[in-house]
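What follows is calculated from the coordinates using simple rules that are stated; it is not laboratory data. These figures come from a predicted structure and were not determined experimentally. FYI the Cβ positions are ideal-geometry reconstructions off the backbone, even for glycines, and counts take in every protein chain you see.
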Amino acid sequence: MKKLRVALQLRDDDIVNILKLANFNITRTELSAFFRAEDHPNFKPCGDQVLRNFLNGLVIYKRGPKP
């Protein structure tokens, strides 16, 4: 997810909004835990559910909603 964020030049607000398009609510604080260093005490690995909803929301963000 880190590489997608950099490649698409997305900010935290953009990612939160993309996840909302997939009906998945997450706060910026929860999101920042995914982007921390692995040895940081507040690091949290990005789960399959978050990544799946991010990719589904990204499709809606780039292509628009299904007609």
Given the rule -39500 (n - 2.57) for each run of at least 4 DSSP H residues, summed and divided by the residues of the chain, what is its mean residue ellipticity at 222 nm, to the nearest 500 deg cm²/dmol? -17000 deg cm²/dmol
Does anything in the stretch 43-61 have its amide N under 11 Å from the 7 Å Cα→Cβ label point of ASP12, and if so which residues? none
Helix 48-63 versus the longest principal axis of the chain: what is the Cα-based angle in degrees, 0 to 90, to the nearest 10? 40
Under a cut-off of 26 Å between alpha-carbon atoms, report the lysines in cross-link reach of LYS44, not counting same-chain residues fewer than 8 places apart. LYS2, LYS3, LYS20
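Contact order normalised by length for the chain, with contacts defined as Cα pairs under 8 Å and 6 or more residues apart; what percent is it?
Relative contact order, the chain: 34 percent.
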Just one of (i) 0.94; (ii) 0.98; (iii) 1.54 is Rg/Rh (Cα atoms, Kirkwood Rh) calculated from these coordinates, so which is it? (ii)
